[in-house]
Amino acid sequence: GISTLPASVKAGFAGGAKSDSVGASYHWRPIQMPEHEQKHEFTYTTGTCVRTLTMSIASKTFEGATAHPLRLEPGNFKMTETPWSYLVGGSFVICTGVVTGRCPREHDLASGRNICIARLPVHMRPRRALQFAALLRAAYDVGGHLAYSSHLVTLVVTPDGALSGISSQELSGAIDLSAVRFAIDGGISLVDEVSLHTVDVGSSRLVSLQGALNESHFLTHPKKAFALLPESCRPPQELAFVTAGSCSGGFHLLVAKPQHNSGGVGGGLWWKDSVWNRDRIHLTGVLFEVAADALSFSTLDSSWNPESLRVFVTDFQNFLIRKFGSIEEAWSQAFDLDRSGSVNFTEFGQGCKALGYVGNATRLWAALDDDRSGEISLQELEMDLGGDTGSA
């Protein structure tokens, strides 16, 4: 089994799903890489077993969550397992259920192509359009016996609550809606247009990513992670995810890796494989339960008494002044390299590492994000807490 989600979700992974289950794992076959290292003893082929596209969710998975039925589009997709949407911790939306129908390339009602699947309740809709990679299982006859093939399709949720499915291959089959999971709160700016969200549920913490990376060129053997995770969001082990790209038929294999003793950084996200090297990748749908040793850390809610906050921030400001002569110079040379006027968590963590800062980047981030906007400005980095900053 694999420990990525709360108890009843974990139960769905135990022993691997049956091949005729819609929730069976997806086998990513190598495209550009000769083979992928496989850590599951039950797998005998090259490739990567991805078990994060679907979730098995029992009715009492999320303590205190409210459940709401998803309203299916009339006359289109049929219900195989009742679709529900859960609101977890007041901020995470997680869907369940299986629907059967056809995923067309485009929406064209005149020719019978209808991409609409369902509509989410008013209070469970995203602030912007989100794209998810999802698993479609198609049944076919082999000598009188049913066999199943797995395919990737894209699900889209828009701010009006519409949930739609599209495929570059006009596929028909059963789609597991548990690929749809997102947050309706603000989160923190992680990298490019991607935000990171957390919710504490019972004795565990869930992490969700949403939004897209800027269009970039990805290498098959990257030297560094394209995004850093705070120590409060450390994954329990290496986790493989498939996410949607923006190019036609473009899905991407990504891996979240934990890090320890890395100056407040708890992990990183790495690109592994795709048809396309240059693409705008959506990270929406990446969801995992953090490692047990990450629960004692907080991303934004670090409690400070005024004196320790002053000493902590002033020490860092003095560190920057010693390196660059001024905080403004440090801002432009080490952090705001893209001149956007704000710094996300990945830029901040990479800047601290490049400078040789040995303190805790996550706690520092929380201390500097004074307005809780989820990103840091030059004004916040320069904030005067009454400490002694100088060129010493």
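Would you mind listing the helices (runs of 4 or more DSSP H) fully within region 275-392 where at least 2 residues are farther than 22 Å from G186 by Cα, of a type in the set (D, E, K, R) and modelled with pLDDT of 90 or more?
So the answer is 306-324, 327-330.
Where residues in region 199-208 are out of contact with any Phe, Trp or Tyr (no Cβ under 9 Å at 6 or more places or on another chain) and part of a strand (DSSP E or B), which of them is surrounded by the fewest Cβ atoms within 10 Å (Cβ to Cβ)?
In this case the residue turns out to be D200.
With respect to S232, determine if the residue is buried (at least 17 other Cβ atoms within 10 Å of the Cβ), of a type in the set (G, A, S), more than 14 Å from the chain's Cα centre (by Cα) and not in a loop (DSSP other than H, G, I, E, B).
yes
For the structure I just gave you, tell me whether T4 is modelled with pLDDT under 70 and open to solvent by less than 20 Å² (accessible area, probe 1.4 Å).
yes
Mind listing just one residue for me: the one in region 123-139 that is in contact with a strand residue (DSSP E or B) (Cβ under 7 Å, 6 or more places away or on another chain) and in a loop (DSSP other than H, G, I, E, B) and, of those, nearest to S91 (Cα to Cα)?
P126
Here are some conditions: (1) open to solvent by less than 10 Å² (accessible area, probe 1.4 Å); (2) over 26 Å from H151 (Cα atoms). L253 meets all but one. Which one does it not meet?
(2)
Return yes when A147 is without any contact (Cβ under 8 Å) to a residue 12 or more places away in the chain and either among the aliphatic types (A, V, I, L, M) or part of a loop (DSSP other than H, G, I, E, B) (or both) and no when it is not.
Here the answer is yes, as A147 does meet what is asked.
Quick one: which residue in G349, G359, G325 is in contact with a Gly (Cβ under 8 Å, 6 or more places away or on another chain), exposed (fewer than 15 other Cβ atoms within 10 Å of the Cβ) and in contact (Cβ under 8 Å) with a residue 60 or more places away in the chain?
It is G359.
Please count how many residues of region 146-155 are surrounded by 16 or more Cβ atoms within 10 Å (Cβ to Cβ) and either of a type outside the set (A, V, I, L, M) or at positive phi (or both).
Here the count works out to 4.
Against the condition in a loop (DSSP other than H, G, I, E, B), more than 19 Å from S262 (Cα to Cα), in contact (Cβ under 8 Å) with a residue 40 or more places away in the chain and out of contact with any Lys or Arg (no Cβ under 9 Å at 6 or more places or on another chain), how does L219 come out, does it pass?
In short, yes.
Could you please find all residues in region 156-185 being part of a helix (DSSP H, G or I) and either surrounded by fewer than 19 Cβ atoms within 10 Å (Cβ to Cβ) or out of contact with any strand residue (DSSP E or B) (no Cβ under 6 Å at 6 or more places or on another chain) (or both)?
Those that are part of a helix (DSSP H, G or I) and either surrounded by fewer than 19 Cβ atoms within 10 Å (Cβ to Cβ) or out of contact with any strand residue (DSSP E or B) (no Cβ under 6 Å at 6 or more places or on another chain) (or both): none in region 156-185.
The values are calculated or read from the model by the stated rules, or taken from the named source; none is laboratory data. Values in this document were obtained by computation on a predicted structure and should not be read as measured data. Virtual Cβ from ideal backbone geometry, glycine too; neighbours counted across all protein chains shown. Please note that ligands, DNA and RNA were not included when accessible areas were found on the heavy atoms of the full protein model with its side chains. Shrake-Rupley method; radii C 1.70, N 1.55, O 1.52, S 1.80 Å.
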